[in-house]
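The values are calculated or read from the model by the stated rules, or taken from the named source; none is laboratory data. Because the structure is a prediction, the values reported are computed rather than measured. Cβ placement follows ideal geometry from the backbone for every residue including glycine, while neighbour counts extend to all protein chains displayed.
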């Protein structure tokens with residue numbers, strides 16, 4: 001077992017060669033430790049996120065359970081497998097399998113499943129192609145269900161009509177129920193466009209957060225503090241929303257510079273925030289009463305401090321251009337000077353958090369946002385300090401930013 005720092009609030013614990021059962025047992029033991037708020041299993045590692053001293057996990061971890069999913073085996077890559085085994089024999093054996101969720105990754109809680117027969121292993125496709133949500137696929141001897149529509153390079157063998165987006169936790173078991181029924185495409189989930197007080201008239205880049213974490217937690221907290229009673233929160237990118245109110249309300253808008261504007265609106269009135277300046281994201285809170293408007297100073301968002309690692313490759317200051325490829329999943333940065341780093345070909349997936357900075361094979365860096373994949377298989381060369389993550393939320397395409405990395409023994413000064 002080897003543990004290395006992963007930012008100022010986490011450890012990456014490498015376990016070596018372990019079975020899925022051993023991995024999950026180690027995760028349960030780690031969750032029981034004081035101060036541990038989250039444990040994310042990777043292929044053979046645990047990403048352990050810690051809180052303040054004396055703080056323990058507040059949300060219950062769901063116990064593993066069995067899922068019985070019907071699957072129509074009619075995928076485009078199935079004929080390659082059926083060249084090795086008769087279809088009747090294949091379907092009979094599939095029905096007897098018990099697949100185990102080893103760990104989650106990718107998008108939408110993609111579950112990497114142990115238990116697919118080794119003799120049915122299939123190498124990844126040479127190129128990715130569009131894959132429909134609910135598709136059952138294999139790569140090597142690992143199986144999985146695509147939880148969302150996405151490009152993918154696994155071999156698609158069939159599909160299910162079950163909603164598999166964020167449906168599994170490590171340790172769950174899955175029983176496949178072959179069916180000849182026509183499995184129809186599921187409707188994609190839609191984000192709500194209204195609240196208890198208002199409906200969204202216009203703004204394609206506004207969303208009701210509900211139970212999702214805000215990207216800029218400081219700006220969101222100031223907006224929420226400025227209103228009271230049954231508070232609702234919008235996160236907005238580039239432009240604020242236009243809302244039509246269905247009942248009286250108090251609104252609080254916090255812009256990227258942390259200026260908070262509070263106003264009362266009546267049922268039937270509309271509120272239009274307009275274009276966001278000084279950053280990318282603003283927050284609109286709705287409540288019934290006025291709260292407290294706080295003043296908080298903010299530092300330079302174009303200098304972001306981080307710790308090296310958990311895969312420490314010795315980076316110091318890295319000047320980057322912010323690319324247009326950014327959203328709540330992550331922000332892609334292009335180093336102005338190519339990084340001379342050897343990228344291992346067989347790096348196993350490990351857990352991540354908001355602020356993890358991956359180095360991708362094309363030389364770009366991707367800083368993870370609040371909707372990041374649970375795990376990733378790229379080098380994690382830096383982890384942004386927790387007090388600096390808000391800067392990632394406010395980066396605008398075309399800007400220049402400097403990542404300043406240091407070792408945990410001598411952390412960089414933090415500026416807010």
Worksheet, complete the sentence: Among (1) within 18 Å of residue 368 (Cα to Cα); (2) more than 24 Å from the chain's Cα centre (by Cα), residue 304 falls short only on (2)
Worksheet, complete the sentence: If you go through 126, 151, 147, 130, the only one that is crowded, with 22+ Cβ neighbours inside 10 Å and either within 16 Å of residue 376 (Cβ to Cβ) or modelled with pLDDT under 95 (or both) is 147
Worksheet item: Given the conditions (1) assigned by TED's automatic domain parsing to the domain that holds residue 128; (2) modelled with pLDDT under 85, and given that residue 185 satisfies all but one, which numbered condition is not satisfied?
Response: (1)
Fill in: Criterion (touching a residue at least 12 places away in the same chain (Cβ under 8 Å) and under 14 Å from residue 382 (Cβ atoms)) met by exactly one of 312, 327, 321
312
Discussion item. If a residue must be surrounded by fewer than 22 Cβ atoms within 10 Å (Cβ to Cβ) and part of a loop (DSSP other than H, G, I, E, B), how many such residues does the range 24-49 contain?
Written reply: 6
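Conditions (1) modelled with pLDDT of 95 or more; (2) over 26 Å from the mean Cα position of the chain (by Cα), marked per residue:
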{"site": "37", "(1), (2)": "no, no"}
{"site": "48", "(1), (2)": "yes, no"}
{"site": "52", "(1), (2)": "no, no"}
{"site": "59", "(1), (2)": "no, no"}
{"site": "63", "(1), (2)": "no, no"}
{"site": "69", "(1), (2)": "yes, no"}
{"site": "73", "(1), (2)": "yes, yes"}
{"site": "86", "(1), (2)": "yes, yes"}
{"site": "89", "(1), (2)": "yes, yes"}
Worksheet item: Just a yes or no: is a residue in the range 361-370 more than 22 Å from the chain's Cα centre (by Cα), part of a loop (DSSP other than H, G, I, E, B), surrounded by 14 or more Cβ atoms within 10 Å (Cβ to Cβ) and in contact (Cβ under 8 Å) with a residue 60 or more places away in the chain?
Response: no
Worksheet entry | So residue 333, is it assigned by TED's automatic domain parsing to the domain that holds residue 216, in contact with a strand residue (DSSP E or B) (Cβ under 6 Å, 6 or more places away or on another chain) and more than 18 Å from residue 6 (Cα to Cα) | no
Worksheet entry | Members of the range 207-225 found to be assigned to a loop (DSSP other than H, G, I, E, B) and surrounded by fewer than 22 Cβ atoms within 10 Å (Cβ to Cβ), listed by number | 209, 210, 211, 212, 213, 214
Worksheet item: Mind checking which residues of the range 106-142 are touching a helix residue (DSSP H, G or I) at 6+ places or on another chain (Cβ under 9 Å) and in contact (Cβ under 8 Å) with a residue 40 or more places away in the chain?
Response: 114, 122
Worksheet entry | Any hit, the range 84-91, residues being without any contact (Cβ under 8 Å) to a residue 60 or more places away in the chain, at negative phi and surrounded by 14 or more Cβ atoms within 10 Å (Cβ to Cβ) | yes
Worksheet item: Residues of the range 10-23 being closer than 28 Å to residue 357 by Cβ and part of a helix (DSSP H, G or I), which ones?
Response: 23
Worksheet item: Which members of the range 242-261 meet the condition of being farther than 22 Å from residue 328 by Cβ, in contact (Cβ under 8 Å) with a residue 40 or more places away in the chain and buried (at least 23 other Cβ atoms within 10 Å of the Cβ)?
Response: 249
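Yes/no matrix, rows are residues, columns are (1) crowded, with 21+ Cβ neighbours inside 10 Å; (2) farther than 25 Å from residue 217 by Cβ; (3) in the same structural domain as residue 280 (by TED's automatic domain parsing):
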{"position": "322", "(1), (2), (3)": "yes, no, no"}
{"position": "328", "(1), (2), (3)": "no, no, no"}
{"position": "347", "(1), (2), (3)": "no, yes, no"}
{"position": "387", "(1), (2), (3)": "no, no, no"}
{"position": "402", "(1), (2), (3)": "no, no, no"}
Fill in: So residue 239, is it surrounded by fewer than 20 Cβ atoms within 10 Å (Cβ to Cβ) and either over 23 Å from residue 212 (Cα atoms) or touching a residue at least 24 places away in the same chain (Cβ under 8 Å) (or both)
yes
Practice prompt. Could you tell me which of the residues 264, 229 is in contact (Cβ under 8 Å) with a residue 60 or more places away in the chain and surrounded by fewer than 16 Cβ atoms within 10 Å (Cβ to Cβ)?
Written response: 229
Worksheet item: Do any strands (runs of 3 or more DSSP E) lying entirely in the range 226-312 carry at least 2 residues that are touching a helix residue (DSSP H, G or I) at 6+ places or on another chain (Cβ under 7 Å) and either within 30 Å of residue 407 (Cα to Cα) or in the same structural domain as residue 6 (by TED's automatic domain parsing) (or both), and which ones are they?
Response: 303-308
